[in-house]
1. Confirm whether residue 58 is open to solvent by less than 50 Å² (accessible area, probe 1.4 Å), out of contact with any Phe, Trp or Tyr (no Cβ under 9 Å at 6 or more places or on another chain), modelled with pLDDT of 90 or more and in a helix (DSSP H, G or I).
2. Using beta carbons and a limit of 9 Å, which pairs, at least six apart or on different chains, have the first residue in segment 47-70 and hydroxyl-bearing (Ser, Thr, Tyr) and the second one open to solvent by less than 100 Å² (accessible area, probe 1.4 Å) and not in a helix (DSSP H, G or I)?
3. Being in a loop (DSSP other than H, G, I, E, B), open to solvent by 50 Å² or more (accessible area, probe 1.4 Å) and of a type in the set (A, V, I, L, M) is the filter here, so list the residues in segment 1-54 that pass it.
Amino acid sequence: MSALLNRKPVLWFLFLFNAAVAIAAVAAGNHLHLHGHNLHGSQQVTTAAGMGIVALGAGAALYLRRDKRA
């Protein structure tokens, strides 16, 4: 599992997908309907925070693994 998570395409997917979901949860959490349910209050904040943390972690890993150019 560690070898899979350390690949750049996987990190880019985690970064972009989780960032997009976090932004959507913040911006339109009350209006997103999934199987008749939507996010309210603490659910909206918790979803945005959790997805944002994963996006920040993947972004940090991408930043630390970038190619050093002279």
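1. Details: open to solvent by less than 50 Å² (accessible area, probe 1.4 Å): yes; out of contact with any Phe, Trp or Tyr (no Cβ under 9 Å at 6 or more places or on another chain): no; modelled with pLDDT of 90 or more: yes; in a helix (DSSP H, G or I): yes.
No: the conditions fail for residue 58.
2. 47/29; 47/39
3. Those that are in a loop (DSSP other than H, G, I, E, B), open to solvent by 50 Å² or more (accessible area, probe 1.4 Å) and of a type in the set (A, V, I, L, M): 1, 32.
The values are calculated or read from the model by the stated rules, or taken from the named source; none is laboratory data. Worth saying up front: this structure is predicted, and the values here are computed from it rather than measured. When we count neighbours, we look across all protein chains shown, and the Cβ atoms used for this are built from the backbone with ideal geometry, even at glycine. SASA here: full protein model, heavy atoms, side chains in, ligands and nucleic acids out. Shrake-Rupley method; radii C 1.70, N 1.55, O 1.52, S 1.80 Å.
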